[in-house]
Amino acid sequence: MTDATANCLFCRIIRGEIPAKKVYEDEQVFAFEDIHPQAPTHVLIVPKKHFAGLKEAEAEDAELIGRCHLAAAKIARQRNIESGYRTVLNVGPGAGQSVFHLHVHLLGGRALSWPPG
Ligand code: 5GP
Ligand code: ZN
């Protein structure tokens, strides 16, 4: 295991070392409830493969990033929030990224204003 993977919060959640409310899992993707929800639905969808974020993604990660979004769509459908939800990638500290393992936020279940802050 690399240092990045050993110490990464989301890798540790995927491994079950830190508890989280799992929402969805398949071979490549893991999803769990955000600990500080910003909407009635606030789920984080992450690839099981560790990479820091969109800036660090490589061409080979394209399918994984797509799979995370498709998992978000599936969860949104299950939760009946399809009248309006948002998928968000915060990229870099200036955009609020605080965990450096790529994650898609799925936010929904309330009206969402635009533009985001
Ligand atoms: P970011 O700010 O990097 O885009 O998103 C990180 C998200 O992870 C935040 O929304 C934050 O609430 C969530 N988070 C941080 N620590 C934990 C944790 O230990 N468990 C869970 N479930 N979510 C966390
Ligand atoms: Zn990680």
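The values are calculated or read from the model by the stated rules, or taken from the named source; none is laboratory data. Just so we're clear, the structure is a prediction, and the values are computed from it rather than from any experiment. Counting neighbours? That spans all protein chains shown, and the Cβs are built from the backbone with ideal geometry, glycine included. When the accessible area is computed, the model is the full protein with side chains, heavy atoms only, and any ligands, DNA or RNA have been set aside. Shrake-Rupley method; radii C 1.70, N 1.55, O 1.52, S 1.80 Å.
So the values come out like this:
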{"read-out": "The chain, accessible area per residue, ligands and nucleic acids excluded (1.4 Å, Å²)", "value": "59 Å²"}
{"read-out": "Additional length obtainable on full extension of the chain from Lys49 to Arg86, 0.36 nm per residue less Cα span", "value": "11.0 nm"}
{"read-out": "Segment Ser113-Glu63, extension gain: residue separation times 0.36 nm, minus the distance between their alpha carbons", "value": "15.1 nm"}
{"read-out": "Helical mean residue ellipticity (222 nm; -39500 (n - 2.57) per DSSP H run of 4+; nearest 500) of the chain", "value": "-7000 deg cm²/dmol"}
{"read-out": "Carbon plus sulfur fraction of accessible area for the chain, probe 1.4 Å, in percent", "value": "53 percent"}
{"read-out": "Label-zone membership for the range 49-63, site Ala4, 7 angstrom Cα→C-beta point, backbone N under 14 Å", "value": "49-61"}
{"read-out": "On Cα atoms only, tilt of 62-78 relative to the major axis of the chain in degrees", "value": "40 degrees"}
{"read-out": "Tyr85 accessible area, assembled protein chains, probe 1.4 Å, Å²", "value": "80 Å²"}
{"read-out": "Extension gain from Arg15 to Ile35, taking 0.36 nm per residue of separation minus the Cα-Cα distance", "value": "5.5 nm"}
